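One structure is given here, and the rest of the page talks about it.
Just so it is clear, none of the values below were taken in a lab; they were calculated from the coordinates. Keep in mind that what you see is a predicted model, and the values were worked out from it rather than measured. Glycine also receives a Cβ, built like all others from the backbone with ideal geometry; neighbour counts cover every protein chain displayed.
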Amino acid sequence: MSTASHLLVNTFRHNIILTLPVLVLLFKFAVRWTTREPLKDVFKSLLTVPLDFVYIAIGILLAGLSRRIPQYASKFSSDREADFYGAVFVFLLFIGACVVTIFDRKVRLCWQKSFAALDLLKDYPQLPLKTTETDEKTSIFGDEYIKTLVWLVFYWIFMILMFMLECVISVFALGGIVKQVT
C-alpha cells in the first residue's frame, strides 16, 4: 500500500465521525449528478442527509450487535449487557429518527411556503405610487407585500433552525454510536 493511500485510510479511521457523513454526502451528489437529476431535486435531497446519518448509525450499531465489530461488545462486561444496551441504543435511534422525520416534514413545508412567497413577491406589481398632500408622488410598499416579505423571512429562519436541530440530533446519534463501536 502506498504512503498516500495509507495516510488516507488512517485519516478516515481517526476521523470517521466527520469523514463518513461527508463521504455519504459526496456519494449522494455523485449519484444524483450521474443520473442527471435536476439541480432543484439535488438540493432537496440535502434535506434528507440528517436522516441518512441516523440510518448509518443504526447500521453501524447493528453491525456491533452482531459482533461484526468486536470493539462494541468489548466495552461491556458481558454479552447480555452489550445486547441490552444495544436494544436501548436502537430504541433511542428510532426515537431520534422519528424526531428528525417530524422536523424534516416542517422544513419541507417551510421550503414550499418560502418558494410560494417568493413567487408572490416576483409577481407583485410595480410598487404603487401614493399622492401626498403636497401632490408629490412617492413609492410605498403595499401591506400585502410587507406581510409576504415578513412571512418569507419567518419561513427561512424557522427552516434553518429546524434543519440545524436535525443536524445536531443526527450528528450526536452517529457520533455516539461510532464512539461505542470504536
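Using the Cβ-Cβ distance between LEU62 and LEU161 with R0 set to 30 Å, the FRET efficiency from 1/(1 + (r/R0)^6) comes to roughly 0.45. Under a model in which nothing but the beta-carbon of Lys, Arg (+1) and Asp, Glu (-1) is charged, the chain shows a dipole of about 740 debye around its Cα centre. Please work out how many pairs of lysine residues in region 1-113 are eight or more positions apart (or on different chains) and have Cα atoms closer than 21 angstrom. Lysine pairs meeting the criterion: 6.
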